[in-house]
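The values are calculated or read from the model by the stated rules, or taken from the named source; none is laboratory data. Note that the structure is predicted; figures quoted are calculated from it, not measured. Quick reminder, even Gly has a Cβ in these numbers, built from the backbone with ideal geometry, and neighbours come from all protein chains shown.
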Amino acid sequence: MATIKIPPVLRASVGGEKEVSASGENVGDVLRDLAESHPSTREQLFSTEGELNRYVNVYLNDEDVRVLDGLDTAVGDGDTLVILPAMAGGR
Amino acid sequence: MSVSSAELLRQIKSRIDEIDPSEVKELIGEGVAIVDVRGSEEFATGHLPGAKSIPRGHLESRIESAVRDRSAQVILYCASGQRSAYAARTLTEDMGYEHVRSMTGGITLWKDRGYEVEIPRALSAEQRDRYSRHLLIPEIGAEGQQKLLDAKVLLLGAGGLGSPTALYLAAAGVGTLGIVDDDEVDLSNLQRQVIHNTQRVGTPKVDSAEESIRALNPDVKVVKYPVRIDASNIMEIIEGYDVIVDGVDNFPTRYLLNDATVRLQIPVVSASILGFDGQLSVFKPYEGPCYRCLFREPPPAELAPSCGANGVLGVLPGTMGLLQATEVVKLILGIGDPAIGRLLLYDALGATLTEVKVHRDPECPICSRAPDEIRDEELGVFPDYEAFCAAAG
């Protein structure tokens with residue numbers, strides 16, 4: 001199982017949790033497992049073609065999966081995925 | 001056994017290496033550490049070009065921050081070559097520095113030879129007192145304080161993030177603070193916007209901020225821009241600033257600011273806050289990624305909480321704003337490792353700080369091109385945001 005850190009804007013979709021666990025061999029599988037358990041995260045993470053939305057960054061531990069193998073990046077037990085959409089509040 | 005001071009000096013000099021001023025002159029600018037061990041008052045009257053000031057009384061405690069590497073070439077000097085001889089003995093025999101030399105004849109002989117002396121712009125007695133805790137840090141000192149006094153920093157927003165940033169940058173003696181904000185102080189701001197106060201509800205934020213800054217530090221020149229920044233005014237407002245602090249609350253302005261600062265090559269210290277969470281990064285054009293490398297596209301309305309008012313823990317902008325102020329000071333002084341190419345994620349409830357890497361995107365629509373190739377009409381190109389905020393309700 002990998003740990004997924006949920007950003008503030010997605011927490012309502014996962015019952016208010018900051019972290020959830022999900023399983024899968026690679027980043028895509030883990031995120032799809034998350035979307036299975038919490039269906040309202042699906043359209044926020046994936047485009048209709050099943051790609052990761054361009055406005056969402058996903059990090060495996062501290063590295064952007066786009067510079068790794070994207071959704072095919074292998075995920076091991078104990079890895080952490082960070083989901084990060086842009087935030088603009090400043091006031 | 002008692003020893004006269006003349007005899008002691010003779011003994012010490014026999015144990016250390018000395019160097020003639022003519023040789024030192026050839027080594028200036030060659031990466032050799034030149035340390036002035038006289039008192040700070042003497043240093044202020046003139047010193048060797050590029051010399052660092054470490055008064056002998058502070059030598060042991062401060063030398064490592066000026067010269068970390070024990071095998072580095074170090075040249076010490078004082079007024080006549082006596083104090084630097086004692087200091088050279090200390091560094092060599094007590095601290096293990098391997099290549100320390102004391103300049104014979106000190107700066108007196110240096111001047112007699114007609115060599116160049118650098119005269120630091122003097123801080124006033126009041127400034128020496130006001131900034132004394134900076135002057136005591138070798139990484140800052142009088143030279144660094146002068147850099148701060150010469151620096152021009154622009155704050156976008158005198159709100160949650162801008163309030164603490166402005167106060168601490170003013171206290172630190174940043175000489176010019178520009179403030180862009182077209183808003184007035186509202187009672188609901190005061191839970192976090194600490195530069196304003198209850199008496200100033202209803203007054204323009206730029207005026208209120210200026211009043212607080214003046215009261216804190218009259219050295220600081222405040223330049224007020226009571227406008228909303230947009231594509232028509234951004235270039236003339238930001239040009240000439242050394243660092244920009246981004247505390248804006250909406251995506252269109254963040255993208256606009258990014259594009260304009262890449263074109264003008266001005267570093268931006270960016271932070272954002274929501275609820276109990278904060279993000280921070282430094283975007284230094286062409287040295288690291290830009291905001292569009294990090295977030296190529298803005299999120300859709302339902303994922304973009306900046307569209308309306310959102311809750312935020314009152315102290316959170318304080319935390320994030322002060323991290324921004326710290327990065328600004330580091331950029332001005334050229335010290336430390338600014339958060340370039342890194343995004344820091346602060347979770348106040350968990351009391352955790354997570355860091356992720358941010359890479360330059362070789363296909364970035366903005367910073368993959370040379371600054372002069374970025375045209376006016378490309379700045380801040382963005383989906384129709386008002387329409388999409390309206391759609392979000």
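Return a yes/no flag: does region B:40-56 have any residue that is β-branched (Val, Ile, Thr) and more than 15 Å from B:Glu139 (Cα to Cα). Before the answer, list the steps.
From region B:40-56, those β-branched (Val, Ile, Thr) are B:45, B:54; that's our starting set.
Filter again for more than 15 Å from B:Glu139 (Cα to Cα), leaving B:45.
Checked against the condition, which is being β-branched (Val, Ile, Thr) and more than 15 Å from B:Glu139 (Cα to Cα), region B:40-56 yields at least one hit.
Scan region B:129-138 and give yes if some residue there is in a helix (DSSP H, G or I), of a type in the set (Gly, Ala, Ser) and at pLDDT 95 or above, otherwise no. Reasoning before the result, please.
At the first step, the residues of region B:129-138 found to be in a helix (DSSP H, G or I) are B:129-130, B:132-135.
From the residues that got through so far, the ones that are of a type in the set (Gly, Ala, Ser) too are B:132.
From what's left, at pLDDT 95 or above: B:132.
Among the residues of region B:129-138, at least one is in a helix (DSSP H, G or I), of a type in the set (Gly, Ala, Ser) and at pLDDT 95 or above, which makes the answer yes.
Only one of (1) out of contact with any Pro (no Cβ under 9 Å at 6 or more places or on another chain); (2) of a type in the set (A, V, I, L, M, F, W, C); (3) surrounded by 15 or more Cβ atoms within 10 Å (Cβ to Cβ); (4) under 29 Å from B:Pro289 (Cβ atoms) is not met by B:Met235, so which one is it?
Failing condition for B:Met235: (3).
Tell me whether region B:97-110 contains one or more residues that are in contact (Cβ under 8 Å) with a residue 24 or more places away in the chain, surrounded by fewer than 18 Cβ atoms within 10 Å (Cβ to Cβ), within 29 Å of B:Val268 (Cβ to Cβ) and within 33 Å of the chain's Cα centre (by Cα).
Scanning region B:97-110 turns up no residue that is in contact (Cβ under 8 Å) with a residue 24 or more places away in the chain, surrounded by fewer than 18 Cβ atoms within 10 Å (Cβ to Cβ), within 29 Å of B:Val268 (Cβ to Cβ) and within 33 Å of the chain's Cα centre (by Cα).
For region B:333-353, how many residues meet the condition of being more than 17 Å from the chain's Cα centre (by Cα) and within 25 Å of B:His134 (Cβ to Cβ)?
Counting residues in region B:333-353 that are more than 17 Å from the chain's Cα centre (by Cα) and within 25 Å of B:His134 (Cβ to Cβ) gives 1.
All but one of (1) under 17 Å from the mean Cα position of the chain (by Cα); (2) more than 11 Å from every other protein chain (Cβ to nearest Cβ) hold for B:Cys290; which doesn't?
Of everything listed in (1) under 17 Å from the mean Cα position of the chain (by Cα); (2) more than 11 Å from every other protein chain (Cβ to nearest Cβ), B:Cys290 misses just condition (1).
Please enumerate the residues belonging to region B:150-186 that are away from chain A (no Cβ under 14 Å), surrounded by 20 or more Cβ atoms within 10 Å (Cβ to Cβ) and in a helix (DSSP H, G or I).
Once the filter is applied, which keeps residues that are away from chain A (no Cβ under 14 Å), surrounded by 20 or more Cβ atoms within 10 Å (Cβ to Cβ) and in a helix (DSSP H, G or I), region B:150-186 yields B:Leu167, B:Leu169, B:Ala170.
Determine, yes or no, whether A:Leu31 is within 11 Å of chain B (Cβ to nearest Cβ), out of contact with any Cys (no Cβ under 6 Å at 6 or more places or on another chain) and surrounded by 15 or more Cβ atoms within 10 Å (Cβ to Cβ). Before you say what the answer is, go through the steps one by one.
On the way: within 11 Å of chain B (Cβ to nearest Cβ): no; out of contact with any Cys (no Cβ under 6 Å at 6 or more places or on another chain): yes; surrounded by 15 or more Cβ atoms within 10 Å (Cβ to Cβ): yes.
For A:Leu31, the condition - within 11 Å of chain B (Cβ to nearest Cβ), out of contact with any Cys (no Cβ under 6 Å at 6 or more places or on another chain) and surrounded by 15 or more Cβ atoms within 10 Å (Cβ to Cβ) - is not met.
Inspect all residues belonging to region B:304-321 and state whether any of them is modelled with pLDDT of 95 or more, in a loop (DSSP other than H, G, I, E, B) and out of contact with any Lys or Arg (no Cβ under 6 Å at 6 or more places or on another chain).
Taking every residue of region B:304-321 in turn, at least one turns out to be modelled with pLDDT of 95 or more, in a loop (DSSP other than H, G, I, E, B) and out of contact with any Lys or Arg (no Cβ under 6 Å at 6 or more places or on another chain).
What tally of residues in region A:1-12 results from selecting those that are more than 10 Å from every other protein chain (Cβ to nearest Cβ) and outside any strand (DSSP E or B)?
Filtering region A:1-12 for residues more than 10 Å from every other protein chain (Cβ to nearest Cβ) gives A:1-4, A:6, A:12.
With the extra rule that they be outside any strand (DSSP E or B), the set shrinks to A:1, A:6, A:12.
Counting residues in region A:1-12 that are more than 10 Å from every other protein chain (Cβ to nearest Cβ) and outside any strand (DSSP E or B) gives 3.
Out of everything in region B:18-35 that is in contact with a strand residue (DSSP E or B) (Cβ under 8 Å, 6 or more places away or on another chain) and among the acidic types (Asp, Glu), what residue ends up being nearest to B:Leu76 (Cα to Cα)?
Ranking the qualifying residues of region B:18-35, first place goes to B:Glu18.
Which numbered condition in (1) buried (at least 16 other Cβ atoms within 10 Å of the Cβ); (2) more than 8 Å from chain A (Cβ to nearest Cβ) is the only one that B:Gly314 fails?
Result: B:Gly314 fails condition (1) only.
Out of all the residues in region A:1-9, is one or more in contact (Cβ under 8 Å) with a residue 40 or more places away in the chain and over 22 Å from B:Gly275 (Cβ atoms)?
Here is the first cut: in region A:1-9, the ones in contact (Cβ under 8 Å) with a residue 40 or more places away in the chain are A:1-9.
Next, from what is left, pick out any that are over 22 Å from B:Gly275 (Cβ atoms): A:1-2.
Among the residues of region A:1-9, at least one is in contact (Cβ under 8 Å) with a residue 40 or more places away in the chain and over 22 Å from B:Gly275 (Cβ atoms), which makes the answer yes.
Looking at region B:331-373 only, could you name the residues that are under 18 Å from A:Ile83 (Cβ atoms) and either in a loop (DSSP other than H, G, I, E, B) or more than 14 Å from chain A (Cβ to nearest Cβ) (or both)?
Those that are under 18 Å from A:Ile83 (Cβ atoms) and either in a loop (DSSP other than H, G, I, E, B) or more than 14 Å from chain A (Cβ to nearest Cβ) (or both): B:Leu349, B:Gly350, B:Val358, B:His359.
Enumerate the pairs (first residue in region B:1-27 and closer than 18 Å to B:Met103 by Cβ; second residue anywhere and among the charged types (D, E, K, R) and part of a helix (DSSP H, G or I)) with beta-carbon separation below 8 Å, excluding pairs fewer than 6 apart on the same chain, so at least 6 apart or on different chains.
B:Ile12/B:Arg89; B:Arg15/B:Arg89; B:Arg15/B:Glu93; B:Ile16/B:Arg89
Tell me which helices (runs of 4 or more DSSP H) are completely within region B:27-90 and hold 2 or more residues being of a type in the set (Asp, Glu), or say none if there are none. Spell out how you get there, then give the answer.
Details: elements: B:40-44, B:59-66, B:83-89.
By residue number, B:40-44, B:59-66.
Restricting to region B:264-279, name every residue that is more than 11 Å from chain A (Cβ to nearest Cβ) and crowded, with 24+ Cβ neighbours inside 10 Å. Quick ask: steps written out before the conclusion?
Of all residues in region B:264-279, those more than 11 Å from chain A (Cβ to nearest Cβ) come to B:264-269.
Correct list: B:Val268, B:Val269.
Restricting attention to region A:28-87, which residues are part of a strand (DSSP E or B) and among the hydroxyl-bearing types (Ser, Thr, Tyr)?
Going residue by residue through region A:28-87, those that are part of a strand (DSSP E or B) are A:46, A:52, A:56-60, A:63-64, A:74, A:80-85.
Once the filter is applied, which keeps residues that are part of a strand (DSSP E or B) and among the hydroxyl-bearing types (Ser, Thr, Tyr), region A:28-87 yields A:Tyr59, A:Thr80.
Which ones in region B:238-253 are at the interface with chain A (Cβ under 10 Å from one of its Cβ atoms), within 16 Å of B:Thr165 (Cβ to Cβ) and not aliphatic (A, V, I, L, M)?
Matches in region B:238-253: B:Asp246, B:Gly247, B:Asp249.
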